[in-house]
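Engineer: Attaching a single structure in structure tokens format; questions to follow.
The values are calculated or read from the model by the stated rules, or taken from the named source; none is laboratory data. These figures come from a predicted structure and were not determined experimentally. With ideal geometry, Cβ positions are generated from the backbone for all residues, glycine too; neighbour counts draw on all protein chains shown.
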Amino acid sequence: MVKKAPRRTAQRIQEAALALFNRYGEPNVSTTQIAGELGISPGNLYYHYPAKDGLVNTLFEQYEQALAGLLPAAGDVRDVEGAWFFMHSLFERIWDYRFLYRDLNLLLSRNRRLEAGIQQALHDQTVALSTLLARLQGSGVLQIEAEDAAGLATSQVVLLSYWLSFEYALDPRHALEPEGLQAAVLRGAGHALGLLLPYLVPAQQAHLRQLLRAYHSTENPGASHE
């Protein structure tokens, strides 16, 4: 059996930091805690990342790469089923790096790299969703004026960006835990897709309603936990 090469320390630091940031929020996690999680010395971590912002920026670059690999697929969407898959995939990317959205205002206030990067990410998502709407319209399944389409794409990006904050406000002890992934993604993607309903032709509208019923069958945010 060929042994797998050990992961580099920098990669292990990134993975541990992402898990801790997502669970507790970036402001609540110190580099000392990250080092302790890995069983390495703070000095070893400092060698790779002298400042926590450098680690945040590295994780954000990974998020940018994840978006870059997905957003062009918006141009391939031709029906509600394709829109469902794209929206679900986009929300999964957001979930994977949810710490960015959980503490967005605080992170932006002290990190210029993130400030510019988030603006570009939001722009790119808006362009992608505008493309998705144009493809749906070109396929004859969406009937919408150009100015309404621009507003709809923006509304979808706003909803996707702040949905997890909404869930966190309703249930701060459980909403962003890993086991909540599937339900949170279904709810967030479902609400973003629901914005299409008034503009879809009847057959596609009926199909989307079927999908939304599946979304609504998941546990509601704020439900009690044992």
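Engineer: Please find, within the range 131-155, the residue that is farthest from the chain's Cα centre (by Cα) out of those that are polar (S, T, N, Q) and farther than 14 Å from residue 80 by Cβ. Even if it seems obvious, please write down each step before you answer.
Structural biologist: To start, the set of residues in the range 131-155 that are polar (S, T, N, Q) comprises 131, 137, 139, 143, 154-155.
With the extra rule that they be farther than 14 Å from residue 80 by Cβ, the set shrinks to 131, 154-155.
On the way: 131: 19, 154: 15, 155: 15 Å.
Here the answer is 131.
Residue by residue, here is whether (1) over 18 Å from residue 190 (Cβ atoms); (2) small (Gly, Ala, Ser) holds:
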residue	(1), (2)
58	yes, no
70	yes, no
88	no, no
97	yes, no
106	yes, no
109	yes, yes
130	yes, yes
151	yes, yes
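Engineer: Residues that are charged (D, E, K, R), at least 3 per element: which helices (runs of 4 or more DSSP H) completely within the range 93-172 meet that?
Structural biologist: 112-138, 146-170
Engineer: Given the structure, is residue 117 surrounded by fewer than 21 Cβ atoms within 10 Å (Cβ to Cβ), at positive phi and in contact (Cβ under 8 Å) with a residue 24 or more places away in the chain?
Structural biologist: No; evaluated as a whole, the condition is false for this residue.
Engineer: Right, something else. Among what's in the range 153-165 and is in contact with a Leu (Cβ under 9 Å, 6 or more places away or on another chain) and surrounded by 19 or more Cβ atoms within 10 Å (Cβ to Cβ), pick the residue that is modelled with the lowest pLDDT.
Structural biologist: Checked the range 153-165; the qualifying residue modelled with the lowest pLDDT is 164.
Engineer: Separate question: Name the one entry in 180, 190 that is closer than 17 Å to residue 81 by Cβ, under 17 Å from the mean Cα position of the chain (by Cα), part of a helix (DSSP H, G or I) and in the same structural domain as residue 95 (by TED's automatic domain parsing). Let's see the steps before the verdict.
Structural biologist: Details: 180 fails: closer than 17 Å to residue 81 by Cβ.
Exactly one of 180, 190 is closer than 17 Å to residue 81 by Cβ, under 17 Å from the mean Cα position of the chain (by Cα), part of a helix (DSSP H, G or I) and in the same structural domain as residue 95 (by TED's automatic domain parsing), namely 190.
Engineer: Taking the range 33-53 as the region of interest, how many residues are surrounded by 12 or more Cβ atoms within 10 Å (Cβ to Cβ) and assigned to a helix (DSSP H, G or I)?
Structural biologist: Qualifying residue count for the region: 14.
Engineer: Would you mind stating whether residue 81 is assigned by TED's automatic domain parsing to the domain that holds residue 201, in a helix (DSSP H, G or I) and more than 21 Å from residue 202 (Cα to Cα)?
Structural biologist: Criteria not met by residue 81.
Engineer: Here is a further query. When residues of the range 11-32 are filtered for being modelled with pLDDT under 95, of a type in the set (Gly, Ala, Ser) and assigned to a helix (DSSP H, G or I), how many remain?
Structural biologist: Summing the residues that are modelled with pLDDT under 95, of a type in the set (Gly, Ala, Ser) and assigned to a helix (DSSP H, G or I) in the range 11-32 gives 0.
Engineer: Oh, and also: Considering the range 120-145 alone, what residues qualify as being of a type in the set (A, V, I, L, M) and surrounded by fewer than 18 Cβ atoms within 10 Å (Cβ to Cβ)?
Structural biologist: 122, 127
Engineer: Taking residue 107 as the residue in question, decide whether it is within 23 Å of residue 53 (Cβ to Cβ), surrounded by 14 or more Cβ atoms within 10 Å (Cβ to Cβ), in contact (Cβ under 8 Å) with a residue 40 or more places away in the chain and out of contact with any Phe, Trp or Tyr (no Cβ under 8 Å at 6 or more places or on another chain). Quick ask: steps written out before the conclusion?
Structural biologist: Working: within 23 Å of residue 53 (Cβ to Cβ): yes; surrounded by 14 or more Cβ atoms within 10 Å (Cβ to Cβ): yes; in contact (Cβ under 8 Å) with a residue 40 or more places away in the chain: yes; out of contact with any Phe, Trp or Tyr (no Cβ under 8 Å at 6 or more places or on another chain): yes.
Yes, satisfied.
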